[in-house]
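Enquirer: Let me give you the structure first, and then I'll get to my questions.
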Amino acid sequence: MTEKQQSSDVLIVGAGPTGLLLAGDLATAGVRVTVLEKRAGESDLTRAFTVHARTLEQFDARGLADELIATGSPLSSLRLFGRLRIELGGLPTRFPFVLITPQSHTERLLQERALKAGATILRGTEVTGLRQDAEGVRVEAGEGAAAVVHRARYVVGADGVHSTVRDLLGIPFPGESVVDSVLLADVRLERTPDEVLTVGANENGFAFLAPFGDGWYRVIAWDRSRRLSDSAPTSLSEISDITRRALGEDYGLHDARWMSRFHSDERQAPNYRSGRVFLAGDAAHCHSPAGGQGMNTGLQDAANLSWKLVAAVHGWAPDALLDTYQTERHPVGRAVLRASGALVRLALARSAPTRALRSALTAFADSLGPVAAQGARTVSGLGIRYPAAKDAHPLAGRRIPDLRLTGLHPAGEQPGGPGRLYEALRAGRFVLVSNDELSAADPWADRVVTAAPADPHGKLRDTVLLVRPDGYAAWAAVDPSRGELRAALAQWLGSPSDG
Ligand SMILES: Cc1cc2nc3c(=O)[nH]c(=O)nc-3n(C[C@H](O)[C@H](O)[C@H](O)COP(=O)(O)OP(=O)(O)OC[C@H]3O[C@@H](n4cnc5c(N)ncnc54)[C@H](O)[C@@H]3O)c2cc1C
């Protein structure tokens, strides 16, 4: 075996949605990034179909939202089972809906962006070894017959549920299996369903139909009386039978191009970081597909980690900034596991009390008002909030909506002119919003965009707001002194002389 050596600032293992978003962000910020992917070709196996509002906001902050929306169908409500619907139309966002589009479209857009920004993606390269010291990380990968050694300052394991990186770090992945023997197939239908997503459940199981948009449909079907191992053969008649009983008809499904049987686990790594190595996406957490959260959560992990790694590589990350990846994202992962676990247990309920709860939720679906509104915020990802200091301004750690701005400087779609916050975030920097004179931020001009609120008399009249590159408030204060503002900038953006 020959041995080649390559080096990068950040090495990402896995070219799924999580790794590709991260790679695009890092490359856009001028970081040398390499992605190692064991599959030789691109994946044609779509798993996720739902892109939620907060994820679309992250795509908007990268100039990709309109293109992604054009690939799918927006749905303004999500039906869970029976009459139980989560209404999304009232969500406070530019994207008050869930987008139904195959995962392959999402990955394609993210890959194009990453390559255009200069990321290197090496396919057919499987990571097999990893060692780190104070200076960096050494990763061994097999590329055909050749062994390649990659060196990087940081490594991110975005290598999915069976993460090699997690195993090499010795990080456990505790949890349990929640649903087994779920049948998947890609089929054609003789009759087009009335709804974009068709979901139904009965005493014995459930079925789900989603369109790829090109005439093919994904069917997912489960029956509690047919529990077989993942390797047991599948047949179209079995899938049709379960679908007919759960949905009332099978829409004439035929011509399966692909069928599989899978089981779904609920697991989470206790640590998302070990020294210079991080875990993100399914490598850090996995759960049932109920609620369509997995890919969305992985993409949010990537959006949270990318700007912190940029700061570390450019040498201005304040102490402990990288640790906030764990303190911010681990609780979100835990909450997603709990919510999707509750949903799947309710859907599969057998015990009389749980079935009674499901019937009650379904029967009173229309009067669930505030609970349903909270459910919509949770499912959409808009309700996520990161921890903030006890004495911090109430906005600290909160998602900031798409504010109208003016006088954007020095970056943004229209420098000096009007714009939106999520356009300003496309520079990959912090955004400082204030009606006051903004020259206090001049020493950090390479890390921050400044702007004034478009309505000088609106809610932010006297408030100075510092928004992180991922769209959450880092800091806010009412009428701060110049010294207080500079202290906040130094806390979040490091010393101006670093980097
Ligand atoms: C049936 C089903 C339906 C789903 N529906 C939804 C949904 O509607 N909405 C939603 O948000 N989520 C959904 N999910 C979950 C979603 O598909 C995953 O959460 C998402 O793909 C995770 O992305 P990732 O980038 O973290 O990992 P992955 O997509 O798994 O990518 C990991 C990559 O790492 C590569 N890799 C692994 N090991 C190595 C190695 N040693 N060296 C190099 N490369 C390696 C793999 O080849 C792979 O390409 C669903 C999942 C299933 C199973």
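The values are calculated or read from the model by the stated rules, or taken from the named source; none is laboratory data. Quick caveat: nothing in here was measured; it's all calculated off a predicted structure. Don't worry about glycine lacking a Cβ; one is built from the backbone with ideal geometry, like all the others, and counts go over all protein chains shown. These area figures cover heavy atoms from the full protein model, side chains too; ligands, DNA and RNA do not enter into them. Shrake-Rupley method; radii C 1.70, N 1.55, O 1.52, S 1.80 Å.
Enquirer: Please specify each residue of the range 6-46 satisfying the condition of being among the acidic types (D, E), open to solvent by 40 Å² or more (accessible area, probe 1.4 Å) and either more than 10 Å from the ligand (Cβ to nearest atom) or modelled with pLDDT of 95 or more (or both).
Expert: Step one: list which residues in the range 6-46 are among the acidic types (D, E), which gives 9, 25, 37, 42, 44.
Imposing the further condition that a residue be open to solvent by 40 Å² or more (accessible area, probe 1.4 Å) reduces the set to 42, 44.
Matches in the range 6-46: D44 only.
Enquirer: Can you confirm whether A339 is modelled with pLDDT of 80 or more and surrounded by fewer than 18 Cβ atoms within 10 Å (Cβ to Cβ)? Step through it out loud before you land on a result.
Expert: Numbers: modelled with pLDDT of 80 or more: yes; surrounded by fewer than 18 Cβ atoms within 10 Å (Cβ to Cβ): yes.
Yes: the conditions hold for A339.
Enquirer: Report whether or not L247 is more than 28 Å from the chain's Cα centre (by Cα) and touching a residue at least 12 places away in the same chain (Cβ under 8 Å). Steps first, answer last, please.
Expert: Values: more than 28 Å from the chain's Cα centre (by Cα): yes; touching a residue at least 12 places away in the same chain (Cβ under 8 Å): yes.
Taking the combined requirement at face value, the residue satisfies it.
Enquirer: If you check S163, S237, S231, which single one turns out to be closer than 29 Å to H285 by Cα, open to solvent by 70 Å² or more (accessible area, probe 1.4 Å) and among the hydroxyl-bearing types (S, T, Y)? Can you show your working first?
Expert: Numbers: S163 fails: open to solvent by 70 Å² or more (accessible area, probe 1.4 Å); S237 fails: closer than 29 Å to H285 by Cα.
Sole residue among the options that is closer than 29 Å to H285 by Cα, open to solvent by 70 Å² or more (accessible area, probe 1.4 Å) and among the hydroxyl-bearing types (S, T, Y): S231.
Enquirer: Could you run through the range 184-215 and say how many residues are within 15 Å of the ligand (Cβ to nearest atom) and not in a strand (DSSP E or B)?
Expert: 4
Enquirer: Let me ask something else. Looking at G252, is it within 22 Å of E107 (Cβ to Cβ) and either part of a loop (DSSP other than H, G, I, E, B) or open to solvent by less than 10 Å² (accessible area, probe 1.4 Å) (or both)?
Expert: Numbers: within 22 Å of E107 (Cβ to Cβ): no; either part of a loop (DSSP other than H, G, I, E, B) or open to solvent by less than 10 Å² (accessible area, probe 1.4 Å) (or both): yes.
No: the conditions fail for G252.
Enquirer: Further question: So R94 ticks every box in (1) assigned to a loop (DSSP other than H, G, I, E, B); (2) among the basic types (K, R); (3) buried (at least 21 other Cβ atoms within 10 Å of the Cβ) but one. Which box is left unticked?
Expert: (3)
Enquirer: Name the single residue that is nearest to W444 (Cα to Cα) among those in the range 307-325 being open to solvent by less than 30 Å² (accessible area, probe 1.4 Å) and among the aliphatic types (A, V, I, L, M).
Expert: Filtering first and then ranking leaves A311.
Enquirer: Got a sec? Which of D436, D442, D462 is without any contact (Cβ under 8 Å) to a residue 40 or more places away in the chain and touching an Asp or Glu at 6+ places or on another chain (Cβ under 8 Å)?
Expert: Result of the check over D436, D442, D462: D462.
Enquirer: Could we say that R261 is open to solvent by 40 Å² or more (accessible area, probe 1.4 Å), at negative phi and either in contact (Cβ under 8 Å) with a residue 12 or more places away in the chain or within 13 Å of the ligand (Cβ to nearest atom) (or both) here? Let's see the steps before the verdict.
Expert: Details: open to solvent by 40 Å² or more (accessible area, probe 1.4 Å): no; at negative phi: yes; either in contact (Cβ under 8 Å) with a residue 12 or more places away in the chain or within 13 Å of the ligand (Cβ to nearest atom) (or both): yes.
Judged against the criteria, R261 is not a match.
Enquirer: Specify the residue that is nearest to the ligand (Cβ to nearest atom); the eligible residues are those in the range 270-289 that are surrounded by 24 or more Cβ atoms within 10 Å (Cβ to Cβ) and outside any strand (DSSP E or B).
Expert: The extreme case among them is G281.
Enquirer: Still on this structure: Residues that are at positive phi and either within 13 Å of the ligand (Cβ to nearest atom) or in contact with an Asp or Glu (Cβ under 9 Å, 6 or more places away or on another chain) (or both): does the range 301-313 have at least one?
Expert: no
Enquirer: Give me the pairs: first residue in the range 287-311 and of a type in the set (F, W, Y), second residue buried (at least 24 other Cβ atoms within 10 Å of the Cβ), beta-carbon distance under 6 Å, and six or more apart or on different chains, which are they?
Expert: So the pair list comes out as W307/P469.
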